[in-house]
Amino acid sequence: MNSPKTAGSAQTIKRQIARAAGTVMIAFIISNIIGLLRGIVIYRTFGTSEQLDSFNAANRVTEVLFNLMAGGALGSAFIPAFTGYLTRKDSKGAWKLASGVINLLLIALIVICILGFIFAPQIVQHGLFILDPSASIGQVALTTTLLHILLPSIILFGVSGLVMGMLNSHQVFLVPQLAPAMYSIGMIAGVFLLPASWGIYRLAWGALMGSALHLLVQLPTLFKLKFTYQLLFGWKIPQVREVFRLFLPRIFGVAIVQLNFIVNTIIALSLVDGSVSAITLAFSLMLMPEMVIAQSIAIASLPSFSAQVELGKLDDMRVSLAATLRGVLLLAIPATLGLILLREPLIRFLYQNGSVFTTQSTQMVAWGLLWYAAGLVGHSVVEIISRAFYALHDTRTPVIVGATAMGINLGFSFLFSWLFGKIGWLPLGGLALANSLATALEMTVLILVMRKRLNGLEGSSVWDAVLRSGISVAAMGAILWGWLALMQGRSGAGTTLGGLAIGASLYGLGLFLLRVPEVGAGVRVFGNLFKRRAVKPGSKI
């Protein structure tokens, strides 16, 4: 049982996480709106075409290389160590650590970029198209050229990711989470401003420009924090070696996850044209609510969890983690059902234009989204639980669990894509189902391990949120089902916007009637957030 002092401290951290999450959520909403516009521009311009398949395949390779060398794995090891310095009021040590990590990272990324450029033809022909040896020479050459253009983005994203970690550790969340919007703006600018005769190449150059903007938009805020860069060889610093020691086990987990994405891309390239683009869009549509709901809260919670661990307050961390899980579940459960029910009118409304993005394109994307949406809750919970492990300086457990789950996913991907094809369903749906099932397994095991690690997870509180959310979602789903039946054959815009308004209103009313405390707390957090920004436009939460 928590003492009043412990409970009070936990309440303070919960409010801090809620305020930070509110800021991040606003940034994610803005970024998602711009990302949505990016998707509309891209898919209305290129449809689910062979050319866009080539771009998405090449872009997948750069994403894999970035995530292996400098993605969330490095951030999960860097932020707790960096936050430790800040908690001890040692800013000089913090900037020395940051400089050491940046320097080593730059060396590694430049080497990877050069090797990727040299071996790009082999990566494409003997990697991406290994299951489709009959692929045209033109498509293989196109994919190789696009990969050459995109490769430098891994260097820019690598440094930008570390800058994000530094800002987040200082409880600065708005600017870093607006950076993805800059990436989207770069791609939109590439499509609109570069010559149309460049075709899909203008999208690749736009993506490269967007990756530069992703970094540049964060630098002014970093320098305001008096960042002091030092030209030093980081490996000589014990704390830098500790960051990479924690990073190395995590990289194996990331490798397994990225291997799954690559395998899905390879399988999809061997299916009907447009399959890669369809699953890419379907996955990105599932990620939009996941980013707003889970990633915003996870990013905001990691520095707070890390500070609690640094101060030895594990009881406080357990309370904070349970409250965070409650909030995520209350949002992810209705988002899952809403996405499943409204997926087809949503895609038709946003992307279908008759000539490029056709009815068949809508059906392909909607089919993939159906099975990806089933995994939204799992993805959301894993985001939070994994951050709790990172705060405990344990990168090994999430790696082992994630690697096992994603290993199962590899088998599921081949099995379900084959099975779906045998029964006459689009095989790309099997790839999405494999991902959702594997993520559900990962979520379950991580929860059980963390529950043991913290001597409980306030289970009654978490299950209370699931129960109340389930009751409200059932009512919401029944009304939405009727709405879709009523609107059958009508415009996607009216069906989608009306369905979103009805679903959100009914769910919110249900939570209010069931007296869910997060409803009032959420209103107060966002009210205070907007009020504070109205008084101090330049303030940071």
Roughly what % of Cα-Cα distances in the range 179-279 sit above 24 Å, to the whole percent?
57
Checked the range 435-479 with the C-alpha gyration tensor, a ≥ b ≥ c its square-rooted eigenvalues, rounded below a/c of 1.5, otherwise prolate if a/b is larger than b/c and oblate if not; verdict oblate
I need the P(r) histogram for the range 115-236: all alpha carbon pairs, bin width 5 Å from 0 out to the longest distance, whole percents.
2, 10, 15, 15, 15, 14, 11, 8, 5, 2, 1, 0
Rg(Cα) / (2.2 N^0.38 Å) computed for the range 210-332, rounded to two decimals:
1.44
Mind putting together the pair-distance distribution for the range 89-129? All Cα pairs, 5 Å bins, whole percent per bin, short to long.
6, 20, 14, 13, 12, 9, 9, 7, 5, 4, 1
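How high is the FRET efficiency between I107 and S461 when r is their beta carbon distance and R₀ equals 51 Å, given to the nearest 0.05?
Working: r = 47 Å, r/R0 = 0.92.
Once rounded, the FRET efficiency stands at 0.65.
Between I33 and A141, what length comes free when the chain is fully extended (0.36 nm per residue of separation minus the Cα-Cα distance, one decimal in nm)?
Values: separation 108, 0.36 × 108 = 38.88 nm, distance 3.35 nm.
Between I33 and A141, full extension yields 35.5 nm more.
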Report the net charge of residues surrounding S31, where surrounding means a beta-carbon distance below 15 angstrom and charges are Lys +1, Arg +1, Asp -1, Glu -1.
0
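Got a sec? How would I279, I79, I188 order by Cβ neighbour count within 10 Å, fewest to most? Spell out each step's value before the answer.
On the way: I279 30, I79 25, I188 21.
Arranged by neighbour count, lowest to highest, I279, I79, I188 become I188, I79, I279.
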What residues of the range 326-355 lie in the reach of a label at A485, counting those whose backbone N is under 19 Å from a point 7 Å from the Cα along Cα→Cβ?
338, 340-345
Modelled label-to-label distance, I400 and L415, 7 Å Cα→beta-carbon offset: nm?
2.3
Tell me, what is the percent relative contact order of the chain, built from C-alpha pairs under 8 Å that lie six or more residues apart?
21
Placing unit charges on C-beta atoms (Lys and Arg positive, Asp and Glu negative, everything else neutral), compute the dipole magnitude of the range 50-273 about its Cα centre in debye, rounded to 20.
1180
Among L392, N67, G138, the residue whose Cα sits farthest towards the positive end of the charge dipole of the chain, when +1 is placed on the Cβ of each Lys and Arg and -1 on the Cβ of each Asp and Glu, is L392
With r as the distance between the Cβ atoms of S197 and S505 and R0 = 41 Å, compute the FRET efficiency 1/(1 + (r/R0)^6) and round to 0.05.
0.30
I471/D273 FRET efficiency (R0 51 Å; Cβ-Cβ; nearest 0.05):
0.70
Read-out mean projected area of the Cα convex hull in nm², derived from the coordinates shown; its label in (1) 28.6; (2) 24.7; (3) 23.5:
(2)
Could you estimate the translational diffusion coefficient of the range 50-273 from the Stokes-Einstein equation, with Rh from the Kirkwood formula over C-alpha pairs, at 37 °C and 0.692 mPa s, in whole µm²/s?
177
What size of dipole, in debye to the nearest 20, comes out for the chain about its Cα centre when the only charges are +1 on Lys and Arg C-beta atoms and -1 on Asp and Glu C-beta atoms?
1860
Among G161, L208, F55, whose Cα projects farthest towards the positive end of the dipole of the range 50-273, with charges put on the beta-carbon of Lys, Arg (+1) and Asp, Glu (-1)?
G161
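With Cβ to Cβ distances under 10 Å as the rule, what net charge do the other residues near M450 carry (K, R +1; D, E -1)? Present the calculation step by step, with values, prior to reporting the outcome.
Values: positive: R318, R451, K452, R453; negative: D394.
That works out to +3.
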Expressed in nm to one decimal, what extension gain is obtained for the pair S91 and K236 from 0.36 nm per residue of sequence separation less their Cα-Cα distance?
50.3 nm
Run lengths n ≥ 4 of DSSP H only: what is the helix-derived mean residue ellipticity at 222 nm for the chain, with -39500 (n - 2.57) per run over all residues, to the nearest 500?
-28000 deg cm²/dmol
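Net charge within 14 Å of L329 by Cβ-Cβ distance, Lys/Arg positive one each and Asp/Glu negative one each, not counting L329 itself?
Working: positive: R326, R468; negative: E290, E383, E458, D464, E518.
It works out to a net charge of -3.
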Figure the gain on full extension for K226 and V356 (residue separation times 0.36 nm, minus the Cα-Cα span) and round it to one decimal in nm.
41.8 nm
In the chain, if the dipole is taken from +1 on Lys/Arg beta carbons and -1 on Asp/Glu beta carbons about the Cα centre, which of V191, A98, G127 is farthest to the positive end?
A98
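Throughout, read-outs are computed from the coordinates displayed, never taken from laboratory work. Keep in mind that what you see is a predicted model, and the values were worked out from it rather than measured. FYI the Cβ positions are ideal-geometry reconstructions off the backbone, even for glycines, and counts take in every protein chain you see.
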